[in-house]
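Right, one structure below, let's go through it.
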Amino acid sequence: MPTYKFIVHFVNQDPRSASFMKEAQALGFHTLQQITVQDLYFIEGQLSQEDCRQLTLKLLTDPVTQTASWMEIPHLSAPQPDTVILEVALRPGVTDPVAEQIVRAAHELGFNGVHHAATGQRFLLTFNTSVDLIRSSDSRSDPLPIASLFANPVIHHWTIGDITPSFPQETESSGAVEVIPVRSLTDNELLALSKDRRAALDLAEMKAIQNYFTKEQRDPTDVEFETIAQTWSEHCGHKTFKAKVTIDDRRQTASADGQLSVVDSLIKTYLKSATDKINAPWVISAFVDNAGIIDFDDEYEISFKAETHNHPSAIEPFGGANTGVGGVIRDVIGVSAKPIANTDVLCFGPQDLNPDTLPEGVLHPRRIQSGVVAGVQDYGNKISIPTVNGAILYDEGYTANPLVFCGCVGLAPKGKHVRTPRKGDRVIVLGGRTGRDGLRGATFSSMTMDAQTGEVAGASVQIGDPITEKGLIDVIVRARDLGLYTAITDCGAGGLSSAAGEMASTIGADIELSHVRLKYAGLAPWEIWLSEAQERMVLSVPFENISDLQKLCDTFDTELTDIGEFTGDGRLIVRYNENIVVNMNNEFLHDGIPQRELRAVIEKPSGQ
């Protein structure tokens, strides 16, 4: 099928060019004289020249400020004297929300010949000296240093000249399920398994898994092992805050051993106990939901959620911050509220840092800041939710790992948030499709950053799709007012494993993974179950309400998928093509994690 390449550029100076030049000079690329930025759109389909012309006028450009050219590919761009053409596109499998909207909008405009789309950028670079270039980001040679300004290898590939786009392919899951022989492993082998699968589980936790499956007289599937790793991750389970901490206070004793005391869970002892002791009558919900809820007036309640998205933002600043904003917005939707405002506190390393002093594998703080700010701005603007509060701070401690603290405020009528699934309710997924983006994001966020983090954890970083999330808001607010669901939560860290698994923790569920809609080829069952693909919500919906919910989804162009049933038997059953890939007791999955035991030493102040 033909593929057309559209090159869009501003009639006058593109403001992005000046921004890139400023970054280039600050990072020491003094041989670069000029940067011209152009947008690339690749469209696969049966299109006439008139169709291409109309697409550029009605969809791909602002005809007042931009112009475009197009050609059928393969096509070799004519070389330009003293200019290097560098083209950048997303790697296969990375979410391309703009491309998805191009296809949708083209069909609404009547261009039904459009089948797939992809996006990219084109940079015309003029240097004042010769530059030793390589052919692409996939070369085994050292990468072109200047390319780091325009592409992040975690999500992009680039080439000198004309890049080849990748389009999503319609296909089923691979269906491959692996059995992991944990029962026979030694302690060292258990720890090696945890490290190899990036589970971030310690020896006590691995032995708890080994003991459970020894009693079950079988070994776990990879789907079961990954489910446990997600549920028991620091990100989802807050193991450090829940740990038993022995405090060795040496300030008042002469010996090396101080006075010992024990704190059983920092959350219970300090955070939650303070809330319980104050017992404010206007606190409706705290520590139990996707977001906290407080009383506002006689008619409404206010919800609020704030959380960090640091690791993903260190690896891919735009996507990390983008999905950080999207995640807290979904948390507010997850308590049946309408998001009305965002907040952001951002902390970065020094912006004038010498690039040669950066640790291996770390992006420059300027790159991190520009990407994070753009990601926050992009999501809020496209979903029409303003950022009303925040701060930006700088310190050397944030050089390798920034602080990206995203928050969202929601508003809802009093008493409308329901949270109890019932036996026989259907397990419904609303919103985006499932891909490989975000795999092991929960365990990734629980790991220690090192030089290989970006290379190893690229799949743990997602790209947001605010247009799809806007549809979720429109559907769920109306479904809430109509009483169409009995419980709701968002697909965040851990994906369906976390969302459906936690919702079924007290009742049990039977899930069929082959019903889950996929973005592209070849996902294994554990990848479908654990994927953190964005803009998805899970609802418990009585069967008789499905048709009314489907009508709302059709109105707001939001996909609805029925993937199973809440059973009432207390077990989590997950199937792929009717073959069981998860069969676990909810009590073990949610309460079987060993409590961590930590030791804290308070030394005498110096000079005493």
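The values are calculated or read from the model by the stated rules, or taken from the named source; none is laboratory data. Treat the numbers as computed from the prediction; the structure is a model and nothing was measured. Cβ coordinates were reconstructed from backbone atoms using ideal geometry, including for glycine residues, and neighbour counts include every protein chain displayed. In case anyone asks, the SASA skips ligands and DNA or RNA and just uses the protein heavy atoms, side chains included. Shrake-Rupley method; radii C 1.70, N 1.55, O 1.52, S 1.80 Å.
Checked against (1) buried (at least 19 other Cβ atoms within 10 Å of the Cβ); (2) over 16 Å from Gln534 (Cβ atoms); (3) polar (S, T, N, Q), Thr308 passes all but a single condition, namely (1).
If you filter the stretch 530-542 down to residues that are hydrophobic (A, V, I, L, M, F, W, C), touching a Gly at 6+ places or on another chain (Cβ under 7 Å) and within 22 Å of Pro421 (Cβ to Cβ), you find that the one that is modelled with the lowest pLDDT is Leu530. Of the residues making up the stretch 575-585, not one is more than 28 Å from the chain's Cα centre (by Cα) and aliphatic (A, V, I, L, M).
Scanning the stretch 271-318 for residues that are part of a helix (DSSP H, G or I) and either under 30 Å from Ile368 (Cβ atoms) or in contact with a strand residue (DSSP E or B) (Cβ under 8 Å, 6 or more places away or on another chain) (or both) gives Leu271, Thr275, Asn310, His311, Pro312, Ser313, Ala314, Ile315, Pro317, Phe318.
The numbered conditions (1) buried (at least 16 other Cβ atoms within 10 Å of the Cβ); (2) closer than 30 Å to Arg366 by Cα; (3) within 30 Å of the chain's Cα centre (by Cα) are all true for Phe6 except (2). Counting only strands (runs of 3 or more DSSP E) that fall entirely inside the stretch 485-564 and contain at least 2 residues that are among the charged types (D, E, K, R) and at negative phi, the qualifying elements are 509-512.
Among Leu539, Leu484, Leu549, Leu530, which is the only one that is of a type outside the set (D, E, K, R) and under 24 Å from Val179 (Cα atoms)?
Numbers: Leu539 fails: under 24 Å from Val179 (Cα atoms); Leu484 fails: under 24 Å from Val179 (Cα atoms); Leu549 fails: under 24 Å from Val179 (Cα atoms).
The match here is Leu530.
Residues that are at pLDDT below 90, closer than 30 Å to Arg367 by Cβ and either in a strand (DSSP E or B) or of a type in the set (Asp, Glu) (or both) within the stretch 147-190 are absent altogether.
Out of curiosity, is His238 buried (at least 18 other Cβ atoms within 10 Å of the Cβ) and under 30 Å from Leu530 (Cβ atoms)? No: the conditions fail for His238. Within the stretch 390-403, the set of residues being part of a strand (DSSP E or B) and surrounded by fewer than 12 Cβ atoms within 10 Å (Cβ to Cβ) comprises Ala391, Leu393. In the stretch 498-517, what residues are over 23 Å from the mean Cα position of the chain (by Cα) and farther than 15 Å from Met584 by Cβ? Result: Glu512, single match. The residue of the stretch 527-574 that is nearest to Gly319 (Cα to Cα), among those that are aliphatic (A, V, I, L, M), open to solvent by 10 Å² or more (accessible area, probe 1.4 Å) and more than 25 Å from the chain's Cα centre (by Cα), is Leu552. Contact map, the stretch 191-210: residues that are within 14 Å of Ile180 (Cβ to Cβ) and in a helix (DSSP H, G or I) paired with residues that are of a type in the set (Lys, Arg) and open to solvent by 40 Å² or more (accessible area, probe 1.4 Å), Cβ distance under 9 Å, separation 6+ or inter-chain. Pairs shown: Gln210/Arg183. Listed by position, the strands (runs of 3 or more DSSP E) contained in the stretch 31-128 that have at least 1 residues being within 28 Å of Gln534 (Cα to Cα) and at pLDDT 95 or above are 32-45, 83-90, 114-127. No other residue among Val345, Val362, Val335 is closer than 18 Å to Pro317 by Cβ and in a loop (DSSP other than H, G, I, E, B) apart from Val362. Taking the conditions exactly as written (open to solvent by 40 Å² or more (accessible area, probe 1.4 Å) and under 30 Å from Ile368 (Cβ atoms)), does Glu226 satisfy them or not? Against the criterion (open to solvent by 40 Å² or more (accessible area, probe 1.4 Å) and under 30 Å from Ile368 (Cβ atoms)), Glu226 does not qualify.
Checking each residue in the stretch 386-408 for being modelled with pLDDT of 95 or more, touching a helix residue (DSSP H, G or I) at 6+ places or on another chain (Cβ under 7 Å) and of a type in the set (A, V, I, L, M) picks out Leu403, Val404.
Taken over the stretch 410-423, the residue count meeting the criterion of being closer than 15 Å to Asp297 by Cβ and hydrophobic (A, V, I, L, M, F, W, C) is 2. Within the stretch 586-608, if we keep just the residues that are within 31 Å of the chain's Cα centre (by Cα), of a type outside the set (A, V, I, L, M) and open to solvent by 60 Å² or more (accessible area, probe 1.4 Å), the residue that is nearest to Lys244 (Cα to Cα) turns out to be Glu597. Looking only at residues in the stretch 204-221 that are more than 19 Å from Arg571 (Cβ to Cβ) and in contact with a Lys or Arg (Cβ under 8 Å, 6 or more places away or on another chain), the one that is most open to solvent (accessible area, probe 1.4 Å) is Ala204. Within the stretch 38-56, the presence of at least one residue that is of a type outside the set (Asp, Glu), closer than 19 Å to Val11 by Cα, in contact (Cβ under 8 Å) with a residue 60 or more places away in the chain and open to solvent by less than 30 Å² (accessible area, probe 1.4 Å) is confirmed.
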